[in-house]
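The values are calculated or read from the model by the stated rules, or taken from the named source; none is laboratory data. This is a predicted model, so every value here is computed, not measured. Note that we place each Cβ from the backbone using ideal geometry, even for glycine, and neighbour counts take in every protein chain shown.
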Amino acid sequence: MSGGKLLFSTIEVTKQAFYRSSTALSFAIVNLKPIVPGHVLVIPARPVARLADLRADELGCLMQSVQKVGNIVEKAYGAHGLTVACQDGPAAGQSVPHVHFHVIPRKLKGDAFSGEANDQIYPALEKNEGELSKELRAQGEGAGEAIKMDNEAREARSMEVMEKEAGWLAEFFRE
């Protein structure tokens, strides 16, 4: 994937990126600790904390990117729908001061949140957001080191695993 260095707040995520908009105003990355396989983030290139901080062209591009990435993720992971979420501001559960949308492929059967557990994805998403904040703090303390977070349910993935998934997803955009 061509282009310059990509930041998610203060974390360089260039290697995890699998999509960049044609205008370079937004991009998508694979998730360090996905809630379900295919859980990705769509992020504006300019690091701003809130949706209201985005210019109209950035917001338009971001939403088009959410739609485009969502279509690909749904296809790639054999999903039947998507959960798309943005926690806009600390009162809404945002813990990383950079606007981002979670795009999470959903299945009618077979994922951890299908059926009766459908709405349990929201507390899991809230917990995931808190883990992103821990990631930022760890990055600031030991830049360049592998980020370790404690969560018994989901292990942080290696850069190699994330790069492999990003490369696989990038192929869908070349079709």
message = Of all residues being small (Gly, Ala, Ser) and either farther than 23 Å from residue 169 by Cβ or part of a helix (DSSP H, G or I) (or both) in the range 102-124, which is farthest from the chain's Cα centre (by Cα)? Just the residue, please.
response = 115
message = Condition first: surrounded by 19 or more Cβ atoms within 10 Å (Cβ to Cβ), touching a strand residue (DSSP E or B) at 6+ places or on another chain (Cβ under 6 Å) and in a loop (DSSP other than H, G, I, E, B). Now tell me which residues in the range 3-30 satisfy that.
response = 6, 13
ask   = Would you say residue 48 is outside any loop (DSSP other than H, G, I, E, B) and either touching a helix residue (DSSP H, G or I) at 6+ places or on another chain (Cβ under 6 Å) or of a type outside the set (Lys, Arg) (or both)?
value = no
note = residue 96: passes all of (1) at pLDDT below 95; (2) surrounded by 15 or more Cβ atoms within 10 Å (Cβ to Cβ); (3) more than 14 Å from the chain's Cα centre (by Cα) but (3)
query = Which numbered condition trips up residue 112, out of (1) of a type outside the set (Val, Ile, Thr); (2) surrounded by fewer than 20 Cβ atoms within 10 Å (Cβ to Cβ); (3) in contact (Cβ under 8 Å) with a residue 60 or more places away in the chain; (4) touching a strand residue (DSSP E or B) at 6+ places or on another chain (Cβ under 9 Å)?
reply = (4)
